[in-house]
Amino acid sequence: QECSKKQKNDDTQSTSVDALSSNDGFEEKNEFHTLANAKILLSDCLACDNCMTSEEGARVFQQNQKELFRILNLNKKCDTSKHKVLAVSICPQSLPYFAAKFNLSVNDAAKRLCGFLKSLGVHYVFDTTIAADFSILESQREFVQRYQRRNQEEHALPMFASACPGWIRYAERVLTNLVTPHICTAKSPQQIMGSLVKGYFARQQNLSPDKIFHVIVAPCYDKKLEALREDFYTALYNSQEVDCVLTSGEIVQIMEQKNVSMKDVTEVAVDSLFDEIKEGDVVRHDGKRSDGYLEHIFKHAAKELFGVDVKEITYKALKNKDFQEVTLEKDGETVLRFAAAYGFRNIQNMVLKLKKGKFLYHFVEVLACPGGCLNGKGQAQTEDGKPDKALLNRMEEVYAAIPVRLPETNVHVQKMYQDWLEGVDSKKVQETLHTKYSAVNQTASNLDIKW
């Protein structure tokens, strides 16, 4: 069986699947009963359907707006024992979509989105930037350790980024042991946010994790798959750390269904995980269209390993704009060679080099979407499924204008390392912020998948 990722990126044929209604067994009509079932496109951004079991497919398609509304309506019932605390966490790459689409500043978009969600009945709205802080810091630390072990450990280098679930699914199900030992073990921002909300925040609020219904707003459908991972599940409480993922576009569908414009919504400050503090202005990490793993890890490694303080990074485009490299030279020798590979065409070329033993890079930031996270198919598409280039350009301008904050400077993160995680090098850090990526055994019909 041939992996569908070998199709050209511009292949227009996609599989459209009706989302299953999560209201099965919940017969009564409610104020949201007219909401259309979501259509999910299994195209080259989402892990191919050859890699998905029927059970996974069903669970992915249950993550739609109706699942959110099922909880909202449950909370309106008299039986308070069944009520859930509803928390929504918003990815940084989703905010530029709302800002560009509704012609707002990114700070206004964040507050109006928060106001809209709370008008529906959501209790808390968080920004996942703090989770990305943890993910980047752990990735930086792991890269330096791998580099120092490179001569003793066969799979220490190259190291591949682990933040993109489409890439991770492809690596585990199709590329298997060729690639999985090289994947950074740091959890993605979404997975870490799940731990923060159902671990740290639940404890602060004296809540059992299963009493919180946690929703992520993300740029792409791959995040729905990521929420189903076994390492994203707390058996003690029979609770997923993320219960539902909605794309930015699915949130806009809800607004349209309720005839609400973002410009008419009351601004409400975004919540913080810490007591009654509210979030301030939106910040981001280095990187043009993503959380900036390449830039942060490169600068950190240059300083830690070679004593070089890199202020600005210069990208060199290779075969196309979605495959670029960054190098560090010292005493006439190239000591660090990093790359960014976006889109499956570039991923496949990269893996081909790895197979042939011609791989020169120490680290690669791998993202399944051409153009990076801003171009996620849950937000940067027209109604006919084509990229909305004008909107994407506006989103890139909005994202580039957001001020950068280094993860190391976040005082809340440093405090949580000590108070919650028992120190930077603790066992709890490994258990909470890291995971294991490994080859997944296919079903009998998928054993012969070829790269």
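The values are calculated or read from the model by the stated rules, or taken from the named source; none is laboratory data. Computed from a predicted structure; not experimentally measured. Don't worry about glycine lacking a Cβ; one is built from the backbone with ideal geometry, like all the others, and counts go over all protein chains shown. The accessibility values were calculated without ligands, DNA or RNA, using every heavy atom of the protein model including side chains. Shrake-Rupley method; radii C 1.70, N 1.55, O 1.52, S 1.80 Å.
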Sorted by average packing, counted as other Cβ atoms within 10 angstrom per residue and highest first, what order do 217-223, 318-324, 345-351 take? 217-223, 345-351, 318-324
Provide the solvent-accessible area of GLU397, counting protein heavy atoms only and rolling a 1.4 Å probe, rounded to the nearest 10 Å². 130 Å²
Dipole magnitude of region 321-451 about its Cα centre, charges +1 at Lys/Arg Cβ and -1 at Asp/Glu Cβ only, in debye to the nearest 20? 500 debye
Which pairs in the list LYS258/LYS377; LYS288/LYS415; LYS321/LYS389 are over 21 Å apart, alpha-carbon to alpha-carbon? LYS258/LYS377; LYS288/LYS415
Mean residue ellipticity at 222 nm from the helices of the chain, using -39,500 (n - 2.57) per DSSP H segment of n ≥ 4 over the full residue count, to the nearest 500 deg cm²/dmol? -9500 deg cm²/dmol
With eigenvalues of the C-alpha gyration tensor scaled by 5 and rooted, region 208-293, Å: 25, 19, 18
Given R₀ = 25 Å, what would the calculated FRET efficiency be for SER261 paired with ASP384, taking r from the Cβ atoms and rounding to 0.05? 0.60
May I ask you to give the solvent-accessible area per residue for region 158-236, in square angstrom, as obtained with a 1.4 angstrom probe? 26 Å²
Kindly report, to the nearest 10 Å², the accessible surface of ILE183 as traced by a 1.4 Å probe over protein heavy atoms only. 0 Å²
Taking a probe of 1.4 Å and leaving out DNA, RNA and ligands, region 315-451 shows per residue an accessible area in Å² of 53 Å²
Just to be sure I follow the rule: in region 178-235, considering lysines 8 or more places apart or on different chains, how many pairs have Cα atoms under 16 Å apart? 4
Sequence-separation-based contact order of the chain, relative, with Cα cut under 8 Å and 6+ spacing, percent: 22 percent
On full extension of the chain, what length is gained from LEU207 through ASP309, given 0.36 nm per residue of separation minus the C-alpha to C-alpha distance? 32.3 nm
Assign one of three labels to region 297-378, namely rounded, prolate or oblate, based on the Cα gyration tensor with a ≥ b ≥ c the square roots of its eigenvalues; rounded applies when a/c is under 1.5, prolate when it is not and a/b is larger than b/c, and oblate otherwise. oblate
Given 173-182, 387-396, 124-133, 60-69, the highest-first ranking by average Cβ count within 10 Å works out to 124-133, 60-69, 173-182, 387-396
Report the FRET efficiency, 1/(1 + (r/R0)^6), for ARG149 and VAL404, where r is their Cβ-Cβ distance and R0 is 35 Å, rounded to 0.05. 0.70
When only the heavy atoms of the protein chains count and the probe is 1.4 Å, how do ARG150, ARG405, ARG169 rank by accessible area, highest first? ARG150, ARG405, ARG169
Which of the aspartates and glutamates could a cross-linker span from LYS299 if the Cα-Cα distance has to be under 16 Å and same-chain partners fewer than 8 positions apart are dropped? ASP133, GLU138, GLU142, ASP286, ASP291, ASP309, GLU312, GLU325, GLU329, GLU365, GLU408
How much of the accessible area of the chain, in percent, comes from carbon and sulfur atoms when a 1.4 Å probe is used? 47 percent
Starting from the Cα gyration tensor of region 331-451, take the square roots of the eigenvalues, sort them a ≥ b ≥ c, and report rounded, prolate or oblate (rounded when a/c is under 1.5, otherwise prolate if a/b is larger than b/c, else oblate). rounded
Where a ≥ b ≥ c are root eigenvalues of the Cα gyration tensor, a/c under 1.5 meaning rounded, otherwise prolate if a/b exceeds b/c and oblate otherwise, region 80-194 counts as prolate
Cβ charges +1 (Lys, Arg) and -1 (Asp, Glu), total dipole of the chain, debye: 620 debye
Listed residues GLN240, THR176, VAL270: farthest to the positive end of the dipole of region 172-277 (Cβ charges): THR176
